[in-house]
Amino acid sequence: MRFWEKPFGKEKPKTICGEIHIINDRCKGCSFCIEYCPRNVLEVSKDFNKKGYHPPIVVKPDMCTFCGLCEMICPDFAIFVIEKEDE
Amino acid sequence: MANNTAQLQEKSHPMEDLLRMDRMPHIWCSGCGLGSAVTAFVEGLKKAGVSYDKTAIVSGIGCTGRVAGYLRLDSYHTTHGRAIPFATGLKLANRDLTVVVFSGDGDLFAIGGNHLIHAARRNVDINVICVNNFIYGMTGGQNAPTTPLGAYSSTAPFGNYEMPFNLVGLAAASGASYVARWTTMHARRLTDSIATAANKKGFCFIEIVSPCPTVFARKNKGGTGLDMLKEFQTRAIIDHDADPTTIPLNMDNEIVCGEFVNDDRPTFWENVQAGIKARLEKFANWEEMQSNSRKISHKKDRKYTSSRDSSIMRRNT
Amino acid sequence: MFKKSRLIGEYFMQGDIACAEGALAAGCRFFGGYPITPASEIAERMAMRLPLLRGVFIQYEDEIASIAGILGASWAGAKSMTATSGPGISLMTENIGLGMMMEAPCVVVNVQRGSPSTGLPTSWGQSDMMQARWGSHGDYGSISLVPNSPQEFFDLTITAFNFSEKYRLPVFIMADALVGHMTEKVVIPPVEELEIIDRKYTNKKPEDYLPYDYGKNLIPDFAKAGDGYRYHTTGLTHDKRGYPNMTFECQNELVPRLVNKIKNHVDDISLTEEYDIEGADVIVISYGITSRTILPAITMAKKKGIKIGYLRLKTVWPFPEEKIRKLSKKVAGFVVPEMNLGQISLEVERCAHNDSIVKLVPHPGGGIHKFEDVLHAIEEVAYGK
Amino acid sequence: MSELRVKISGFGGQGIILSSFIIGKAASIYDQQHSSMTQAYGPEARGGACSSQVVISSDNVEYPLVDTADVLIAMSQEGYDTFLPILKKGGILLYDTDLVEKLQSHKNFIAKGIPATRLAEELGKKIVANIVMLGFATKQAKIVSPEAMQEAIADSVPSKFIDLNMKAFQAGYDYNEEQ
């Protein structure tokens, strides 16, 4: 019944996107996440963290597709992504 | 944006239930692949669905030897090279455990090489994850049994003269049930491999090729960790059908990755049980023999204390 | 069938086999070892008996793996043991240190042979006594028990397990080839008549548990792998959480505790046998098989009218320092016959200090003391007064 | 307190160690005595010289070695030659007449021979020669009681061969030198 009420295509299809969290002071500035992000969401920040490294910074938050590669490849457990529904 | 990031930091990393956060940050260098390997391991464990309470991790000595200390599992940081026999004892004395050895190439294949081949031969039900960075990292870049021919190290200033071990070939030839090789760049495939191994019976061996920017790259003009990772990316190919004994790692050849062996062989413990059962059935009168000999030797009127007061000097006193 | 395979009664049994049976009676259910004369019979017996008691026997690729394996099994909650001879102990020493540092209970049997190196494989000696105390690098308290007959080999194996469980450390049994290959009557009592001590498991919840938190007795409570405690343990200097801590403060708390947990309990651990100590002029101190092979000399000395007392050490480490100090104030001297060129006699000398003389009767192993040599030493001490 | 020190010698494979094990077992388990058995073997165990020793005592055995023997059992010429000097005056020598041929003067002790190996062969198995010798020793040297010896033999050999071993024991026990 629901399908009759809401015809296919009427509702905007959900897109999965991610919300990137960076734990700045844990980062050792290896740039793995920046290099391997398929959609270039991250960039090297100009700021230093406590240890004198340049942590990444999210520059294109809307481009994140929650692929999780940055989280997987980060050797310092300093970055993670949480699934977020796009409104 | 900066504001936003600060706010987001309050949320905790999803791996924190399996990491000892009170020990972070870890001691590994910037650009080292070990952290990625640990992430893959944690994700692999989650994927495998094993109970964390029933998972034990054993490490030897070295950079990779510190892994046990960062994982919130029953974790044992043992002596140099002896993680595998320790893990064998742990597993055999409590067969409910999933026992993982996480150690480096020097620990597992130089000082501990004998233990590795014998554990693989026995097919003890443990998983061995070897992080191969081609060099001794913690002690300052000395030659390892995996250092490629011609590569420089602090004990090979003229280039390494020795042929390196092909780890997957050695493990497969020794009889491992599962053998795979990945680089830290193959994060997802590595995770899958670790999950497969966690649920697989028998001796499972996974080699993780990992960048060591601080000593290996510096001595061999490898650049940063990122440069090494990029190099792995260009050199790595995936070939599950490759014969593991024919794919050694050199300075510039292809890094053949894949799951090379995935067999089902009876494990050590299965063989033990089968052997005992067969033997006891053959000698069904064993029990009878035992009770017979007891009947003769165990007379009622004899005191148990007869020779227990070992007063050796009775004659003299 | 599995339950019935416990032996009770009197048996004419070899020392090595009595040791294996003692271990089983004490509850040992994991044996990892590597064959070596004259200790192989222990492994052979365990291989036959352990499967019937649902235990695990594994012949490892070498002695290093054996000791590492029994430490692993110990952390899984099993009472575990290995047996070897001098060359094997030399290989094991590093991991014995790990056991001391991690405080993993287990028993290491050394059936001593003539040494050093390969020495006299089929003959006997007592020259590994200091190795049992100081073998692994670093400071730690250690316990060594020395049997002099198959029956005592059986009894002391049980005691060794009790001490290891109680004080949480690898405990040595320093037998020798003669005791190991000697066959005598061994009485195996029903298990109810034996005193068996098990390690103290923690009753704390996992979130409150600290693996190296200790009480007055300096011994931490145990938690085994797989019980959800998810603790860390390491051979590095560690704090109460088991985490590596490279500071002087931590080292200064941990290492003295490893020594003191034994030192403070010497009275409980030290087992000796004394005869005619009261009013003696000369006291013979001996241990292991030597305590039997020199007896004719003592009988001879008695016949000559020498007031001779006799002290036999069943526990050599920790050394009964106080006892010897007290005795040294009363007697003219000590005679220490041992099958080495002076190891325990050094300890006696240290304790006797300036109060009395100490006469070593050395023997390199591979035979037994000549009675005349022992008698001569006794006379020297008695008449030199 | 009485003590009896027995030395058994021969070559590897003759069951020398088993013989002394059986004597010790008979004494300590079935005869209510105390006994201590020690063995000497080297790498040359098979076919080489082999000896073992038992001390039987009414009290705890203190000194476990046999420096002077009350009874010497010689199952080979080499064993005879090596250990004859430790046999004390008035002691008993028991030897296999086929294997020990060059005898010295036996003035100081009692010597009794038995063709143990030949008798064992007649019974069908050469390997029971040691049990024949034990039967002979039980009778001639009164090491332990015959009942205890029989029980100890039955307890120490494979159950299939108990009958054969009992026959061997009897053959040795009944053997009369003057025959």
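Please go through segment C:272-288 and pick out each residue that is at the interface with another protein chain (Cβ under 8 Å from one of its Cβ atoms) and in a loop (DSSP other than H, G, I, E, B). Walk me through it before giving the result.
Going residue by residue through segment C:272-288, those that are at the interface with another protein chain (Cβ under 8 Å from one of its Cβ atoms) are C:273, C:275-276.
Across segment C:272-288, the qualifying residue is only C:Asp276.
If we scan segment C:186-204, do we find a residue that is more than 12 Å from chain B (Cβ to nearest Cβ) and more than 27 Å from the chain's Cα centre (by Cα)?
Among the residues of segment C:186-204, at least one is more than 12 Å from chain B (Cβ to nearest Cβ) and more than 27 Å from the chain's Cα centre (by Cα), which makes the answer yes.
Cβ contacts < 6 Å: first residue more than 20 Å from C:Pro244 (Cβ to Cβ) and facing chain A (nearest Cβ under 8 Å), restricted to segment B:14-38; second residue at pLDDT 90 or above and part of a helix (DSSP H, G or I), any location; separation 6+ or different chain. Result?
Once the first residue is more than 20 Å from C:Pro244 (Cβ to Cβ) and facing chain A (nearest Cβ under 8 Å) and sits in segment B:14-38, its partners that are at pLDDT 90 or above and part of a helix (DSSP H, G or I) give B:Met15/B:Val42; B:Gly31/B:Pro213; B:Gly31/B:Gly225; B:Ser36/A:Ile73.
Restrict the check to segment C:337-353 and report whether at least one residue is open to solvent by 10 Å² or more (accessible area, probe 1.4 Å) and modelled with pLDDT under 90.
Restricting attention to segment C:337-353, the residues satisfying the condition of being open to solvent by 10 Å² or more (accessible area, probe 1.4 Å) are C:341-343, C:346-347, C:349-350, C:353.
Subset that is modelled with pLDDT under 90: C:353.
Yes, that holds for at least one residue.
Determine whether segment B:101-111 contains at least one residue that is open to solvent by 10 Å² or more (accessible area, probe 1.4 Å), β-branched (Val, Ile, Thr) and free of Cβ contacts under 8 Å to residues at least 60 places away in the same chain.
yes
Would you check which residues across segment B:47-65 are facing chain C (nearest Cβ under 9 Å), in contact with a helix residue (DSSP H, G or I) (Cβ under 9 Å, 6 or more places away or on another chain) and surrounded by fewer than 24 Cβ atoms within 10 Å (Cβ to Cβ) and list them?
Passing the criteria: B:Tyr52, B:Thr55.
Among the residues of segment B:116-163, which ones are in a loop (DSSP other than H, G, I, E, B), among the β-branched types (Val, Ile, Thr) and over 24 Å from B:Arg218 (Cβ atoms)?
Matches in segment B:116-163: B:Val124, B:Ile126.
Would you check if there is a residue in segment C:215-235 being of a type outside the set (Val, Ile, Thr), out of contact with any Leu (no Cβ under 8 Å at 6 or more places or on another chain), more than 14 Å from every other protein chain (Cβ to nearest Cβ) and open to solvent by 60 Å² or more (accessible area, probe 1.4 Å)?
yes
Please go through (1) open to solvent by less than 10 Å² (accessible area, probe 1.4 Å); (2) within 12 Å of chain A (Cβ to nearest Cβ); (3) farther than 21 Å from B:Pro211 by Cβ for B:Leu73 and return the number of the only condition it doesn't satisfy.
The single condition B:Leu73 does not satisfy is (2).
Restricting segment A:30-69 to residues that are open to solvent by less than 20 Å² (accessible area, probe 1.4 Å) and under 13 Å from the mean Cα position of the chain (by Cα), which is nearest to the other protein chains (Cβ to nearest Cβ)?
A:Val58
State which residue is modelled with the highest pLDDT when the search covers only segment B:260-292 and only residues that are outside any helix (DSSP H, G or I) and among the aliphatic types (A, V, I, L, M).
Among residues in segment B:260-292 that are outside any helix (DSSP H, G or I) and among the aliphatic types (A, V, I, L, M), the one modelled with the highest pLDDT is B:Val261.
Can you confirm whether B:Ala198 is in contact with a Lys or Arg (Cβ under 9 Å, 6 or more places away or on another chain) and under 30 Å from B:Lys221 (Cβ atoms)? Talk me through it step by step, then tell me what you get.
On the way: in contact with a Lys or Arg (Cβ under 9 Å, 6 or more places away or on another chain): yes; under 30 Å from B:Lys221 (Cβ atoms): no.
When the stated conditions are applied, B:Ala198 does not pass them.
Given the structure, is B:Thr234 closer than 22 Å to B:Ser174 by Cβ, hydroxyl-bearing (Ser, Thr, Tyr) and assigned by TED's automatic domain parsing to the domain that holds B:Gly202?
The answer is no for B:Thr234.
With the condition kept exactly as written, say whether any residue in segment C:314-329 is within 12 Å of another protein chain (Cβ to nearest Cβ), open to solvent by less than 60 Å² (accessible area, probe 1.4 Å) and at negative phi.
yes
Within segment B:192-225, take every residue that is among the β-branched types (Val, Ile, Thr), in a helix (DSSP H, G or I) and under 21 Å from B:Asp125 (Cβ atoms) and give me the one that is nearest to the other protein chains (Cβ to nearest Cβ).
B:Ile194
Each row is one residue, and each column tells you yes or no for (1) open to solvent by 30 Å² or more (accessible area, probe 1.4 Å); (2) basic (Lys, Arg); (3) modelled with pLDDT under 90; (4) under 19 Å from the mean Cα position of the chain (by Cα).
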site: A:Met1; (1), (2), (3), (4): yes, no, yes, no
site: A:Gly9; (1), (2), (3), (4): yes, no, yes, no
site: A:Cys17; (1), (2), (3), (4): no, no, yes, yes
site: A:Ile20; (1), (2), (3), (4): no, no, no, yes
site: A:Lys28; (1), (2), (3), (4): no, yes, no, yes
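Output the residues belonging to segment B:132-160 that are under 26 Å from B:Val67 (Cα atoms) and among the small types (Gly, Ala, Ser). Give the steps one after another, and end with the answer.
As a first pass, look at segment B:132-160 and keep what is under 26 Å from B:Val67 (Cα atoms): B:132-148, B:153-155.
Selection gives B:Gly137, B:Gly140, B:Gly141, B:Ala144, B:Ser153, B:Ser154.
The values are calculated or read from the model by the stated rules, or taken from the named source; none is laboratory data. Note that the structure is predicted; figures quoted are calculated from it, not measured. Here the Cβ is made from the backbone with ideal geometry for all residues, glycine too, and neighbour counts use every protein chain on show. The protein model used for the area step is the full one, side chains on, heavy atoms only, and it has no ligands, DNA or RNA in it. Shrake-Rupley method; radii C 1.70, N 1.55, O 1.52, S 1.80 Å.
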